[in-house]
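Quick notes on the structure that follows.
Every number in this text was worked out from the coordinates using simple rules, so none of it is lab data. Every value quoted in this text rests on a predicted model; they were computed, and no experiment measured them. Don't worry about glycine lacking a Cβ; one is built from the backbone with ideal geometry, like all the others, and counts go over all protein chains shown.
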Protein chains: 4
Amino acid sequence: MEDLQEVLEGIVEHVAPLCRDGAVASYIPSLGEISPEKFGICVAMADGEVYGAGDWQEPFSIQSISKVFSLALVMSYDYDSIWQRVSREPSGTPFNSMIQLEADQGIPRNPFINAGALVVTDRLLSLTGDAAGSIRGLLRLESGNPAVDIDAVVAASEADHGHRNASMAHLLASYGNLENPVDEVLAAYFNQCAIEMCCEDLARASLFLARHGVAAGGTPFLSPNQSKRINAVMLTCGTYDAAGEFAYHVGLPGKSGVGGGIVAIVPGRCAITVWGPSLGPNGNSVAGIAALDEFTTRTGWSIF
Amino acid sequence: MEDLQEVLEGIVEHVAPLCRDGAVASYIPSLGEISPEKFGICVAMADGEVYGAGDWQEPFSIQSISKVFSLALVMSYDYDSIWQRVSREPSGTPFNSMIQLEADQGIPRNPFINAGALVVTDRLLSLTGDAAGSIRGLLRLESGNPAVDIDAVVAASEADHGHRNASMAHLLASYGNLENPVDEVLAAYFNQCAIEMCCEDLARASLFLARHGVAAGGTPFLSPNQSKRINAVMLTCGTYDAAGEFAYHVGLPGKSGVGGGIVAIVPGRCAITVWGPSLGPNGNSVAGIAALDEFTTRTGWSIF
Amino acid sequence: MEDLQEVLEGIVEHVAPLCRDGAVASYIPSLGEISPEKFGICVAMADGEVYGAGDWQEPFSIQSISKVFSLALVMSYDYDSIWQRVSREPSGTPFNSMIQLEADQGIPRNPFINAGALVVTDRLLSLTGDAAGSIRGLLRLESGNPAVDIDAVVAASEADHGHRNASMAHLLASYGNLENPVDEVLAAYFNQCAIEMCCEDLARASLFLARHGVAAGGTPFLSPNQSKRINAVMLTCGTYDAAGEFAYHVGLPGKSGVGGGIVAIVPGRCAITVWGPSLGPNGNSVAGIAALDEFTTRTGWSIF
Amino acid sequence: MEDLQEVLEGIVEHVAPLCRDGAVASYIPSLGEISPEKFGICVAMADGEVYGAGDWQEPFSIQSISKVFSLALVMSYDYDSIWQRVSREPSGTPFNSMIQLEADQGIPRNPFINAGALVVTDRLLSLTGDAAGSIRGLLRLESGNPAVDIDAVVAASEADHGHRNASMAHLLASYGNLENPVDEVLAAYFNQCAIEMCCEDLARASLFLARHGVAAGGTPFLSPNQSKRINAVMLTCGTYDAAGEFAYHVGLPGKSGVGGGIVAIVPGRCAITVWGPSLGPNGNSVAGIAALDEFTTRTGWSIF
C-alpha cells in the first residue's frame, strides 16, 4: 500500500472530474448555494493519527449523518429498548417513503430513514430534554472541537420546507409511536440535521465506532457489542435504498447525508469521511461514493 | 478464545432446546419429513482444517444456498454482465413477493430472492447448457466429495408445487428477462435447489469465499474483487427480509435455505455451515441463526 | 309497490336485529357514546313529499357525508378546475391510506377519500374564506332548517385525534397541493365533519342531486351535467373501498359517513337517508347498507 | 332528441378526427395491423330495433368484452358461488397488475381484470367442459348470427405472447384458486378473447343486460337481479382503472376490450356498441369513449 497521505491526495485528483455529476440538494436554499466543486476526505486512525486532503477542514451540513450519533446516544442511555419502536431492516424504498411506515403500522424499517430517525430523536428528547443539544455535545467532545454548532439558518430553512417530515411525524403520532409533541420532535430533528462540521471533526467524532465503542477520552461510550451493531445497521441501512450498491462497491459500514457528506468505518482500524455536495439519484454524494470505492480498492481495507 | 472444537460442541448443546421452535418447511412433502431435532455445525478454516459437531455429516437439501454457487459460476464466466439483469439491493419484502418485480419492470432486486435466482440460473443455462449440473460439478470439486448429487424426488416434488416459481418465471419472460424457455429454466432451478450435501461438504465448498476467490485446488476461481462482492451481496440480501437482523445479530455474510441450512463467511478466515430444519417466520433456520449468533459471540469473529 | 311509508316502516323492523352488528366509531369519544340501537330512514321525493320512520328526526354527526356538499359548492363556484387537483377514480385501498397519495404524487384518487376532501375543502376555503360555514349555509338553505349547526365538541375532538389527517394535509402540502396553511385547512375540515343533522334535513338538503341540480328554491344550484357527475363519483367512490359492493347490492349513488349516516340518490326521483351508528369493516353503517339494499329491492328503484 | 340514426351519423363525424389519437394495441401482431381509421357504432333497442353507422358491420376482436359473457354464463349456471373466488371492487391499479392479487391472497378484485376473468373462465370450464365454445354459443344465439367465431390466428398469437397471463394463472393456482390445469384455463381464455364480432352482432348479443336478463328468444337467461348486478359491476369495474372517468363522462355501465370495442348498457332501454381500434393510456378506445360521451350528451340517456 502507498503512503496514506498520498492515497488521499490521489483520490482528490481522481474524483475531481466527477464533482459536477449529479446535483446539489436544493430543497432548502442554503444547501443549494454550496459549490459542487468542493471535495474533502479525511481518515482518522484508531490510534489517533489523522490524514486529510482537499477541503477536509471546511464545515458542511452533516444532515442525516447526525442519525448515527442520535442512535449511539440513545443506545448509550437505554441499551436496547429503542428496537421495540424501530426495526433494523433495509427499507427497499426511497428514503422518504411513507408506504413502508403505513404497511408496518407505524414501526419504521430502520433508524436511518427519516421516520426511524424521528423516533430515535423523540426518545433522545425524552432521555435528555434537549436532543439536538446532546448530539452537539457528543460531537464536540469526540471531535475535540468546542466550536461545532448548529447552523440556525439551515435549521429554520428545514422547518420552512418540512411538510414531508411533519407528515411523517404526525403519522408516527397517529400510531402512538411518539412520546413528545410533534412540534418539539420536529424542532429537535431539524436542529440536529443542521449541525455543521468539517471532514476532520466528523472523522474524529466517529472514531468510537472503529474502536469498539471506546470514546476519545479512552473510556467506553458504547459496549463493543453496541458498536458492532451500529456498524451492522450502517452497512445494511446507511445509504438509503443504495445500501446494496454501497456494500458491493465500498464494502464498509457507512452513513450519508444530503449535505454531501459520508462517514465510513473500518472496524478496528479507522473512520473515513468524505464530502462532495453533488448527489446522485439515491441522495448520496457522487464524488464521495467514488472516493470511498477508490479508497477501499487502493488500501484493500474492506470488511469482505 | 476456547478451543474451536469445544466452541462447536458448546453450541450444539446451547441450541438443542431451540430445535423445535418454528416449523419445518412443508410445502413439499420430502422436506416436511425431516426431524426438527437434527442439528449440525461445521467450520472449515482457510488453511484446510475442518471442525464439526452434531449432525454435521448428514446430508440435507441445500435449497436456496445453491444460489450462491450459481451466482459465483456466472460471475466466473461472465464477470459483471449479470448485473444488467438483476440488482443488488435488499428486497424489503418477503422472499417470494412479486410486487417488487413488477414495480421494477422485471429486474429482480437481487440474485438471492427467487426471481433473481431464476435470472442467474437462466444465464448459467445459456453459458453451460446444464445449469444444475455445472453447480453440482462445482460443489463436488470444491467439497472434494464426488458423491454430492441432486435428490430427484425433491426436484420432482419442487416441480409439482412450483406454481409460484412458474408464475415468477413467466413474469420475467413477459419483461424479456429470460433467455431460455420458461420450462427449461424452471427445471434447472428445481434441480439446483434439490442438491443434497452435509455441513462438512458445504463448508469446504464455500471456502473460496473466505479465501478471496481461491479454489480448493489453490487456483483462482474468482478474483478477490468478485469474492468480496459476493460476500457483500450475501450480507445485504442473503437471508430474505431478515438481512438486517442477521447482520445485527451475526455480523457475517450469510445465505440460508428452506432446508434449514445456512452458510456464513468470515472473510480471510473460515466458512461456517449450520443445519437445523425448523424455520422462523422469515424462512431461516431458528437453531441455525442462534448458533451463528453464539458462534460470533464466542469467537469474536464478526466483520463489524 | 307497497305504500312508501309502509316500506320504510317495514325496513325499520327488518334492520332492527342488525343494529348491534359491527361497532360504533370510537376514535373520538363523542361518537363512541351513541347508542347502536338508533336507526332512522327518510325519503325526500323530487316533488317535495317526505316520508320517514324510526329515529329519522334525531340529529347525528354527518362526518364524511359533508364531502358531497363541499364538492357541490366548489363545483358551483368553479365548475371544473378542482379536477386538476383531485382524480375521480375509486381508490382500491382503505379510506385513510396514504399509499395511493404518494404513488400519485399528491393527487388524491377522488374527492371522497380524506385526502381528496382536504383538497376540496382547501379550495372552498380559498373561494369563500369560511369553508365549514359555507357548507352549513348550504345545508340550512336546502334543508329549510336554520338550526343546522356544527357540534363544537365533536369538532374539537376531531382535532385532538387528528394526527392522521394532519399527516395527510402535510403530505398534500409537500406536493404543493394545498393553497392555504395546513392548520386552517384542518380546522375547516374538522368543522365540516362535525355538522349535525337528522335524516329528514339531510334528505331534503340532498334533493338537488335527484333534481338535476335544482335547489330547494327552484333555481339551478348546479347544472344537470354537474349533478349527474357528482352522482357518478358517489357511485364509484362514495363508500370507501366498498363501492363495488354498494353498487352491487344497492345500485344507487351513495355517500356514507363514520357517524353512521348514508345518503343515496335515485336520479330524477328522490333522495334517501339512513342512519345506524354501528359500522362494518369498511366504515359504512351495517344497518344502513342493509336498509338501502332492502329499499331498492322493495321499490325496484335501482339505476341498473 | 334528434332522430337516433342522425345521432349516430353525427357521432361518426364527430369522432373521426380522434381516430388517430392513442395507439392500436400491438402486443400481438394481428391486432396491430388494424387501421386506426375504422369506427363503428350501433344501438340495439330493447324492443328489437337496431341503428348503426360507420363500420358497424365489420368484425373485430372482442377481447375483454368476452368477460361479460363468461360472467353471465357462470351466473346463469351457478348463481352466486363465483363471488367466493373473485371480489366486486374496482381494482385501483392497471388492468394487468399482480400486486393486488398477491395482497389479496389470490382473490382477484373483480371479474373484469385479467386475473378475475381467468377465475371465471376456469369455473365455466368446469361447468361446461368448453368455456370458449359456450361463450361462442351464447353470442351466436343472442346475436342471431351463427357465423360468429373464434379467430384461430389471434388465439394462437395470444398464446405466443401470453407470459403475463400465464404468470397470473400460475399465481392463482399457487393460491388454490384454479380448478383446472393452468394450460387448459389459458387455452380457453385465449380462445374467448379471440372471438370476432361486428358492432351490430355485439349490440344484439348484449341486449339481455338492457332487458333485465331476458334473452333474444324472450325467455329469461338471467334473473332481473343478476342482470342488474352485472351492470353494477360493469359500471364500477368495466373499464380497467378508468372506471371513474367512464362513469363521470359516459354515465353508463360499460365494458371495453383492447381490440377497441366497448359495450354500454342503458338499463331498460338499449345496448350500445362502439369500435375504434386506437387506445388511450388506460387501454380503452379513444374514439369509442368520445362517442359514448357524445351519445349520452345528445340523448340524455344517462343513469345519473
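Figures for the structure shown
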item: Average projected area [Cα convex hull, the range D:1-127], square nanometres; result: 10.8 nm²
item: Dipole magnitude of the range D:12-94, debye to nearest 20 (Cβ charges: Lys/Arg +1, Asp/Glu -1, about Cα centre); result: 340 debye
item: Rounded to 10°, Cα long-axis angle of helix D:114-128 versus longest principal axis of chain D; result: 80 degrees
item: Mean-position separation - Cα centroids, the range D:215-274 and the range A:249-275, in angstrom; result: 60 Å
item: Dipole axis of chain C (+1 Lys, Arg; -1 Asp, Glu on Cβ), positive-most option in C:N180, C:G32, C:V153; result: C:N180
item: Structure-based [θ]222 nm, chain D - -39500 (n - 2.57) summed over DSSP H runs of at least 4, per residue, nearest 500; result: -13500 deg cm²/dmol
item: Peptide-level mean, for D:174-186, of C-beta atoms on other protein chains within 10 Å; result: 1
item: R0 of 30 Å, Cβ-Cβ distance B:H161-D:D130: FRET efficiency to nearest 0.05; result: 0.55
item: 7 Å along Cα→Cβ, label-point gaps from D:A147 to other copies, nm, shortest first; result: 7.3, 7.3, 9.3
item: Check: the range D:4-299 dipole with +1 on Lys, Arg Cβ and -1 on Asp, Glu Cβ, in debye; result: 720 debye
item: At 7 Å out from Cα toward Cβ: B:Q84 inter-copy label distances (nm, ascending); result: 4.3, 5.1, 5.2
item: Rotationally averaged projected area of chain A (alpha carbon convex hull; nm²); result: 13.3 nm²
item: Positive-pole candidate from C:V214, C:A290, C:C193, dipole of the range C:4-299, charges at beta carbon; result: C:V214
item: Of C:I62, C:I99, C:I11, the one that fluctuates the most in a GNM where chain C has Cα springs shorter than 10 Å; result: C:I99
item: Neighbouring partner chain Cβ atoms per residue of C:236-244, average, 10 Å criterion; result: 5
item: Choice from A:R164, A:R85, A:R204 with maximal GNM fluctuation in chain A (Cα, 10 Å cutoff); result: A:R164
item: Net charge dipole size for the protein assembly as shown [Lys, Arg +1 and Asp, Glu -1 on Cβ; Debye, nearest 20]; result: 0 debye
item: Compactness relative to 2.2 N^0.38 Å, alpha carbon Rg of the range A:53-193; result: 1.03
item: The protein assembly as shown, Rg to Rh (Cα coordinates; Rh as Kirkwood inverse mean 1/r); result: 1.01
item: Calculated P(r) of the range B:181-270 - Cα pairs past 22 Å, %; result: 36 percent
item: Label 7 Å beyond Cα on the Cβ vector: B:A103 copy-to-copy distances, nm; result: 0.5, 1.0, 1.1
